[in-house]
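One structure is given here, and the rest of the page talks about it.
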Amino acid sequence: MQTLIQTFIDRRGDLLTALWQHLGISLASLVIAMVIAIPLAIWVVRRPRWAEGLLQLTSVLQTIPSLALLGLLIPLVGIGTVPAVIALVIYALLPIFQNTYLGISEIDASIEEAANAFGMSRMRKLFKVELPIALPQIIAGIRTALVLIIGTATLAALIGAGGLGTFIMLGIDRNDTSLLLIGAISSALLAILLSALVRWFQTAKPRHALIVFVGILALLGGGGAYSVYANRVETITIAGKLVLNQKS
């Protein structure tokens with residue numbers, strides 16, 4: 001325990017940098033996945049054949065092992081943040097798309113009929129009736145995707161994207177349990193914290209939610225600006241590689 005605390009103290013600067021990187025990659029991937037999955041799910045609600053095909057496609061994409069997916073992306077987009085974000089977006093599509101589609105498609109038919117009887121347009125019915133009713137299920141999908149993203153983002157260190165995975169990989173490479181635990185515990189705590197924050201957004205008043213959202217954006221922007229300033233010297237990004245010892 002003493003070794004773990006001392007390692008944490010010695011590495012707190014590196015941990016903060018890795019935390020910002022991990023948070024930035026995770027939130028960027030989540031936002032992109034939401035922008036893709038939610039409108040797509042709304043579009044296919046009236047098109048069951050398309051919905052079934054897209055559900056199958058997103059399910060198949062999520063079954064691809066993360067290391068294999070990163071390996072497939074490297075020849076196409078290189079190493080660094082871009083392939084990491086693409087892989088995380090792919091993994092986040094299924095829970096968000098599925099929950100949004102089911103949340104809207106399973107609304108009671110009598111509610112839909114009542115909205116039509118009031119003469120609501122398609123867009124007005126969507127924003128005034130369907131999305132508010134489906135919101136709890138959509139939020140649940142976003143929370144699932146967020147936890148999945150944060151856990152998978154630790155592998156971004158293998159392709160030079162940074163994040164908390166750097167501590168895990170360094171711990172494995174040096175056989176240092178303290179470094180490994182710092183990376184794993186930090187990733188788990190980050191997932192729990194952000195999951196709770198997303199749940200709070202669901203029940204918070206719009207004004208309070210907006211203030212917190214703006215504060216998070218300002219915090220991320222300030223952290224990103226500081227990171228750019230602190231690393232303004234040109235660097236070379238190198239991906240990591242796990243080496244397995246084979247016994248003859």
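Given (1) more than 17 Å from Leu158 (Cα to Cα); (2) at pLDDT 85 or above; (3) not hydrophobic (A, V, I, L, M, F, W, C), identify the lone condition not met by Thr81.
(1)
Kindly indicate whether any position in the stretch 25-36 is under 22 Å from Leu126 (Cβ atoms) and free of Cβ contacts under 8 Å to residues at least 40 places away in the same chain.
Looking through the stretch 25-36, at least one residue is under 22 Å from Leu126 (Cβ atoms) and free of Cβ contacts under 8 Å to residues at least 40 places away in the same chain.
Just one of the numbered conditions (1) within 20 Å of the chain's Cα centre (by Cα); (2) under 21 Å from Gly80 (Cα atoms); (3) not hydroxyl-bearing (Ser, Thr, Tyr) is not true of Asp173; which one?
(1)
Kindly indicate which of Ala41, Ala33, Ala37 is closer than 27 Å to Ala156 by Cα and touching a Gly at 6+ places or on another chain (Cβ under 9 Å).
After applying the criteria, what remains is Ala37.
Is it the case, given these coordinates, that Ala225 is modelled with pLDDT under 85 and in contact with a helix residue (DSSP H, G or I) (Cβ under 8 Å, 6 or more places away or on another chain)?
Here the answer is no, as Ala225 does not meet what is asked.
Count, please, the residues in the stretch 9-28 that happen to be under 8 Å from the mean Cα position of the chain (by Cα) and within 15 Å of Ser195 (Cα to Cα).
2
The values are calculated or read from the model by the stated rules, or taken from the named source; none is laboratory data. Treat the numbers as computed from the prediction; the structure is a model and nothing was measured. Note that each Cβ is placed from the backbone with ideal geometry, even for glycine, and that neighbours are counted across all protein chains shown.
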